[in-house]
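A short write-up of the structure that comes next.
The values are calculated or read from the model by the stated rules, or taken from the named source; none is laboratory data. What you see is a predicted model, and the numbers here were worked out from it, not measured in a lab. In this analysis, Cβ positions are derived from the backbone assuming ideal geometry, glycine residues included, and neighbour counts consider all displayed protein chains.
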Amino acid sequence: MRLIRLSAIWAAIALGVGLFVLLGYFVDLEFVTGLRILFMQWAVLLAAAALLVGLVNLAAVHWRKVSLSDEGWLYSGVLILALLVTLILAVFFGPDAPISLFIFNNLQLPLESSLMAIMSVTLLLAGFRVVARRRDLFSLLFLLVTLLVLLGTAPALGGTESGTVASLRELRNWISQVWAAGGARGILLGVALGATATGLRVLMAVDRPYGS
Amino acid sequence: MSAEGLQGLLALGAFLALTIGFAALNSRWPIKLRHISAFEALNKAIERAVEGGERVHLSLGTGSVVGSESAPALAGLAALSRIARATSMSDRPVVVSTGDGAMAILARDTLRTTYDEVNASELYEPTAGRLLGPTPFSYAAGLPSMLRDEQVSVHMLNGSFGYEAGLAADFGERAHNFVIAGSDDVQSQALLYAVAQEPLIGEEVFATPAYLDAGAVHKASLRAQDAIRFIILALIVLGVVIETIT
Amino acid sequence: MAEIQCPNCGKPNPDTAETCQHCGEPLGSGSDWMNEIQEQADGMAPGPGGSSPFAPVEPSEVEQPAEENGGLAEGEVPEWLQRIRAKQAADEGGGDDFSALRPGFSDEQDQEAEQGLETVEGRGPVGGVGPGGKDQEPADRAAEPEDIRAGFGFGSDSDPDYAPYEKSAEPDTGIPSWLAQSDEPQPPAGAQPAGGTESDQPEGGLPHVPALLGEQPVGLSAEELGVPDWLGEVEQSEEGGEETLKGRRPAAAAPPDLERATLPNWLEAMRPVDTFRSVVQIDAEDDQTIESIGPLAGLRGVLMAEPVVAMPRTSTVGAMQLEVSERQYAQAELLQQLITEEESSEPAAPRRRTRLAIFRWAIAAVTVVAAALPVLTGAPSFALPGLEPKELGALFDLVDRLPPDRPALFVFDYDPGNTGELDAVAGALLDQVMGRGLPVASVSTRPTGAPQALYTMHRYASRHGYVEGSDMVHLGYLSGGPAAVQLFASNPRGAILKGFALPEEMKSAGQTAWDSPTLERVSSLSDFSIVAVITAGSETARLWVEQAGSALGETPLVMVLSAAAEPLVRPYYEASQPQIDGILTGLPAAVAYEQRNGRFGLALDRWNGFGAGMLAAELVLLAGAGYGLVRWVMARREA
C-alpha cells in the first residue's frame, strides 16, 4: 500500500508538471507561462546535474575494470586519467583557459574528426555491400540515386564545367529537393505523431520512465 | 489564448481521446499490427540471447532528456521494461547505454522497477544503465569495448542519434551482433538503412513498445497515430486542391 | 488304524484326521488320492529284501501273489502299477536302477516312475550327477515330490509293505520328511549308494525319491562341481541343526543312488508338450560352461537366455500382415535416416580463417589516397564551379547591405566531427562579414560549440585584424535546449550571464561579454544585424527557426548548412512566407561564395581533395555494382 501511494505521488508530480509545461505553449496566461519557464529551468539544472552523475557512473564502470584487471583495463585507466586531468584543469583554470583549449584543439577535435572520417569509409563500404549483395529493385534504385547525387555535387574533373555537369546539377537538385525532401517530410510527420503519442503516454502515466 | 494555441490544444485533445477510446475498444476491436520483420527478428534474437547466456544491449541515443530528442528514448525506456523482463531469467541481463546523464538515470530507474516487479531485485546493478560519453562521437567511441566486454549478441539502437548512428550500428555489425536500429532523425535513418541489419524507418522506432507487447494503450496509440495521419493527409490533399484551384 | 501322511510335512496322521496334527495342513481331498494309493500299495507284496520296499529285489524273487495286489484282480491293478511291474521285469539284472526300486510295480509303471524320476533329477543334485554317477538327462520339472510319491504308489500305513516314514531327528523344516531324508531309503539294485547303506532306508517306509533340492552328488565335492561359496557355506552348516538347501539329510550320510521315477500318464498329460520344447541340447556336465556373471555365477547348466529367448522360430499362428501406409513408410525412413545421421560422424568443418577485412581496408585506402593526393601532389585538379546556386547571390547581397554598427551573431551548433566541412562553409560567410568590418559575436547550444567557435573565428579574425573583446566576443554555452533558445531569443542578457574566453582585462575588471563594445548596445535578438546558424542537423535549424523566429523582427536569419541537411531546411527558405532569409549549403556553394567574394579560404583549400574523394566514392560504388553483377553471372552459370 505504501509503495502504491508513492508510485501515485510520482505519477501525480509528473502529470502536473507535464501539463503545466504543455499548457504553457498554448495558453497565454502569465502564470502558466512563468511556471513553464521555471520548470524548464529546473529541468536544465537537473540535466546538468545528471551529466555529472553520468560521468561519475562512467568513471565507476571503468574503475571497476581497472581494479579487476579485466581485459582492456589499460584503456580504462587512460580514460580515467584523461577525465581527471581535464576535469582538474578545467575546474582550476577554467574551460576557456589556454590549457583547456589546447586539449580541445589538439585532442578532442582531431579525434572526433577522425571518427567522422571512419564513418565516411563505413558508409562507403555499406553502399558497396548494398549494391554488391542485394540484387533487387531498391538496390538498383539506391545505386542510381547515389550516383546521380554524387555526380551532381562533385566538381568536374579538369576544365570548365560543361552542360552535362549543369544538367546533372539540376537533376541532383530535383531529386534532393522534390523526392528526398518530400519523403523526408512524410517521415517527419510520422515522427512527430510518434513523439506526440509517446509524450501523451507519459502524461497519462502509462509509461513511467521515472520508475516507482 | 491564440487561435494557434487553441488549434494545438484541440489536436492534442483529439489525439488523447482517440488513444483512450481505442484502448477501451481493444477487447471488441482488437488491434492488429502490421508485420515488421525487424521486430519479429528481435524477439527471436532476444530468446536466443537468453538461451545462449549472452547479453542484450539497448542504446537510448545521444539526445538530451530535455527537448524533442527525448521522445524516441522514452519509447526505448518502455521497450526496456519488456526486454528487462525477458532477460531477467538470463545469466546476463540487459545493459543500457546512453549519451545523456539524465537518460542514464531514467534507464536505471526503469531497470530497478522492472526487476522489483519480477522479484529479481538481485539482478539490478547501478552500472547496468550507463553513460558512455557526453558527446555523440565519444559515445560511439565507447561502444566497441562495451560490446566486447559485456558479450553482447543483440545490439539495439532505439533513441535519438545523429551521424554517430552509422558508426554505432557498424560496430555492432563488426561484432557479429544482431543489429536493430532506429532513430527519429531522417538523416540517421538513411545511414542506418545502409549499415544496420534491421533498420527501423520512420516512426517505427516509436512503435517498439507496442510490438514488444508493452500494453494495450501502446497499440491504441499506434492506431490513434494512424487516424491522425489520415486526417492530416486529407487536409494536405484538400489544401493542395484548394491552392491549385485558386 | 490306517494313517494318512500329511502332504505338507509328510508326517503320519490318523486317517480320521481332517487336518494334520503337526502342521495343520488340511488332510482333505488332497490326501484322498494318497489314501487310495496307499490302499493299493497295501496290497503289494513286500520286497524280498525285507520289509522295506526299497530294498533291492531280484526280479526273480518278485512274486505276483494275489494278495500282493491287495486282493485286486488283475484287471483292477492300476495301469501305472502295471507299468512299473513290467519295467521291473524288463530290467532284470539291475540294469535299471529304478526297476529294483519297488517290487511289484509293472514295467510301465516303472517306466513312468523312471521318467518321473528323470524329471525330478533334472533339477536334482548339483552337477547333474545322478545316482550311480550317471549323467542325467534333462527332464521336465513338472513333478512335485508329492506327486512323484503318489506315482510311486505310496500306500497308506496299513500297507504291510509300507512302512511309515519314520520321523527323523531333524527339526521340522516344512519339507516332507521323505524328501528330506535322503539317507533312509536304500539304494536301488545296481546303484552305488553314496555312502548310504541299506540300513539307512526307512523300515517299511516309502520309496525314496531323490531330493529335489541339492543333494550332494556322489563322490564329488562342492568345489569340483563349482558350487558357489554361499551354497557351500550353507552345506557346511551345523549338523542336524540349520536348515539348508541340502540340509534335509545328515551331512555325514551320502545320498543314496536312486533310479529315476517315471511319471504316471495322468501327470504326463498335465504337462504341456510340444509348445516350447527347447531345442537346445544340454551338454554333458563336463562340457557345460560355468556361469561367470550374475547371481548364478559359478553354477553349471545355467540356461542361456539368448539361445532360448532369441532363437528365431516361426510362429505357429499365421503371421499378421501389417498395413503400412506410404506416409508411415516415409516416417519410418525418416526415422532411420535420422538415426543413421546421428551415428555417422560428420567430418569436422574446416576452421574458418579469420578473414582480413579486405574490402574495408581497400576502400579506406582508396578514400585516403584520393583525398591526400591533391594536397601532396596538387593533382588531380578540379575546375572551380562555373555556376553558383541561385540563392547565393541573394545571400551575398544581403550581407553586403548589413549595417556596420550592429554586430552579427554566429551560432556554432555543430559537433567537432563536422569541422572539416562546416569550418569551410562558415568561413566563407565569416570572411565576408569580417571583411565588411562588422563586429561579430558567437554563441552555441552545445558544450563543445564555444571552443569550436573560438577555433574557427580565430582563423579569419587574424586575417582581418579582429581583436578579442572589442571586435569579436564569445557568449559561450547556452544550456537548456529549446527552452534556452527561446529564453535567449526573448532575453539574451538573461540567458547568458558572463561570456566565454574574455580578455584578461575584462575578466580582471569583472566585466561580462555584454560589457564589451561589441554587445554593449544589444538587449534583444533583434538588435543583431544578422543571425547565422551554422549546423549540420536539420533539427537544430528548425529549432532556431521556430523558437527564435518570432523574436528576430527585421533581423535576417541565415542558415549555414551541411549538404546533408539542405533538403529539409530549404523549404523554410523557399516557402511562400519564408522563415529563413538566406541559405549557404555545402562546400561547392562555399567555393562559389569565396569566388564571388574574391577571397579564397578553407573552401578552396579543400576543393580538390573534395573532388577526388567524391570521384573515388563514385568509382567504389560502380565497382560494387560490377562485382555484384559478376557474382550473379557466375552463380547463374553454375546453376
Given (1) outside any helix (DSSP H, G or I); (2) on the phi < 0 side of the Ramachandran plot; (3) under 21 Å from the mean Cα position of the chain (by Cα), number of the condition B:Arg108 does not satisfy: (1)
- request: Check whether at least one residue in segment A:50-65 is touching a strand residue (DSSP E or B) at 6+ places or on another chain (Cβ under 6 Å), within 10 Å of another protein chain (Cβ to nearest Cβ) and of a type in the set (D, E, K, R), and report yes or no.
  value: no
task: Kindly list, by first and then second residue, each pair from a residue in segment C:479-501 that is at the interface with chain A (Cβ under 10 Å from one of its Cβ atoms) to a residue that is among the acidic types (Asp, Glu), limited to pairs with Cβ atoms under 7 Å and residues at least 6 apart or on different chains.
output: C:Phe500/A:Asp96; C:Ala501/A:Asp96
statement: From the option list B:Ala41, B:Ala14, B:Ala45, single residue qualifying as modelled with pLDDT of 90 or more, surrounded by fewer than 18 Cβ atoms within 10 Å (Cβ to Cβ), of a type in the set (A, V, I, L, M, F, W, C) and in contact with a Phe, Trp or Tyr (Cβ under 8 Å, 6 or more places away or on another chain) is B:Ala41
- prompt: Could you list, in sequence order, the residues of segment A:25-44 that are part of a helix (DSSP H, G or I) and either at the interface with another protein chain (Cβ under 9 Å from one of its Cβ atoms) or in contact with a Phe, Trp or Tyr (Cβ under 8 Å, 6 or more places away or on another chain) (or both)?
  reply: A:Tyr25, A:Phe26, A:Val32, A:Leu35, A:Arg36, A:Ile37, A:Phe39, A:Met40, A:Gln41, A:Ala43, A:Val44
Subset of segment C:441-490 that is under 18 Å from B:Pro136 (Cα atoms) and in a strand (DSSP E or B) - its residue that is modelled with the lowest pLDDT: C:Tyr477
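For (1) more than 7 Å from every other protein chain (Cβ to nearest Cβ); (2) touching a strand residue (DSSP E or B) at 6+ places or on another chain (Cβ under 7 Å); (3) over 30 Å from B:Arg108 (Cβ atoms), each residue gets a yes or a no:
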position	(1), (2), (3)
A:Phe142	yes, no, yes
A:Ile187	no, no, yes
A:Thr198	no, no, no
A:Met204	yes, no, no
query: A:Asp70 is checked against (1) within 11 Å of chain B (Cβ to nearest Cβ); (2) over 30 Å from B:Leu16 (Cα atoms); (3) in a helix (DSSP H, G or I) and fails just one. What number does that condition carry?
result: (3)
field: Out of C:Arg459, C:Arg406, sole residue that is surrounded by fewer than 24 Cβ atoms within 10 Å (Cβ to Cβ), touching a residue at least 40 places away in the same chain (Cβ under 8 Å) and within 30 Å of A:Val44 (Cβ to Cβ)
entry: C:Arg406
task: Say whether the condition of being touching a residue at least 60 places away in the same chain (Cβ under 8 Å) and within 21 Å of C:Gly386 (Cβ to Cβ) is met by at least one residue in segment C:556-572.
output: yes
query: Inside segment B:187-212, can you point out the residues that are more than 9 Å from chain A (Cβ to nearest Cβ), more than 16 Å from B:Ser160 (Cβ to Cβ) and not small (Gly, Ala, Ser)?
result: B:Gln197, B:Glu198, B:Tyr211, B:Leu212
- prompt: Does B:Met103 satisfy the condition of being farther than 23 Å from A:Gly77 by Cα, crowded, with 23+ Cβ neighbours inside 10 Å and at pLDDT 95 or above?
  reply: no
message: Any residue that is surrounded by fewer than 24 Cβ atoms within 10 Å (Cβ to Cβ), within 7 Å of chain A (Cβ to nearest Cβ), in a helix (DSSP H, G or I) and at pLDDT below 90 - is there at least one of those in segment B:127-137?
response: yes
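Let's see how each residue does on (1) under 60 Å from the mean Cα position of the chain (by Cα); (2) crowded, with 21+ Cβ neighbours inside 10 Å:
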residue	(1), (2)
C:Leu587	no, yes
C:Tyr593	no, yes
C:Arg596	no, no
C:Asp605	no, no
C:Ala612	no, yes
C:Ala617	yes, yes
C:Gly624	yes, yes
C:Leu629	yes, no
C:Trp632	yes, no
query: If you go through segment C:419-434 one residue at a time, do you hit one that is in a loop (DSSP other than H, G, I, E, B) and either within 60 Å of the chain's Cα centre (by Cα) or over 23 Å from C:Asp515 (Cβ atoms) (or both)?
result: no
- prompt: What do you reckon, is C:Pro404 facing chain A (nearest Cβ under 9 Å) and outside any helix (DSSP H, G or I)?
  reply: no
message: When you check A:Val21 against the structure, is it closer than 30 Å to A:Arg201 by Cα, of a type in the set (Val, Ile, Thr), facing chain B (nearest Cβ under 9 Å) and surrounded by 12 or more Cβ atoms within 10 Å (Cβ to Cβ), yes or no?
response: no
query: Name the helices (runs of 4 or more DSSP H) wholly within segment A:115-212 that hold at least 1 residues that are crowded, with 21+ Cβ neighbours inside 10 Å and without any contact (Cβ under 8 Å) to a residue 24 or more places away in the chain?
result: A:163-174, A:181-203
- prompt: When you go through (1) touching a strand residue (DSSP E or B) at 6+ places or on another chain (Cβ under 9 Å); (2) surrounded by 24 or more Cβ atoms within 10 Å (Cβ to Cβ); (3) farther than 19 Å from A:Arg133 by Cβ one by one for B:Ala196, which number turns out not to apply?
  reply: (3)
statement: Those residues of segment B:214-246 which are under 17 Å from A:Gly194 (Cα atoms) and among the acidic types (Asp, Glu) amount to B:Asp226
query: Taking segment A:66-98 only, how many residues are out of contact with any strand residue (DSSP E or B) (no Cβ under 8 Å at 6 or more places or on another chain), within 20 Å of C:Pro503 (Cβ to Cβ) and surrounded by 14 or more Cβ atoms within 10 Å (Cβ to Cβ)?
result: 3
task: Restrict the check to segment B:80-87 and report whether at least one residue is more than 7 Å from chain A (Cβ to nearest Cβ), more than 15 Å from the chain's Cα centre (by Cα) and farther than 16 Å from B:His155 by Cα.
output: yes
- prompt: When you scan segment C:522-639 for helices (runs of 4 or more DSSP H) that lie fully inside it, which ones turn up with 3 or more residues that are more than 10 Å from chain A (Cβ to nearest Cβ)?
  reply: C:538-552, C:586-597, C:602-605, C:607-638
field: Those strands (runs of 3 or more DSSP E) lying entirely in segment B:147-246 with at least 1 residues within 27 Å of C:Ala575 (Cα to Cα) and in contact (Cβ under 8 Å) with a residue 24 or more places away in the chain
entry: none
query: Would you call C:Glu539 under 22 Å from C:Asp423 (Cβ atoms), of a type outside the set (Ser, Thr, Tyr) and without any contact (Cβ under 8 Å) to a residue 12 or more places away in the chain?
result: yes
query: Filter segment C:371-400 for residues that are surrounded by 20 or more Cβ atoms within 10 Å (Cβ to Cβ) and in contact with a Pro (Cβ under 7 Å, 6 or more places away or on another chain); which is nearest to A:Thr153 (Cα to Cα)?
result: C:Pro385
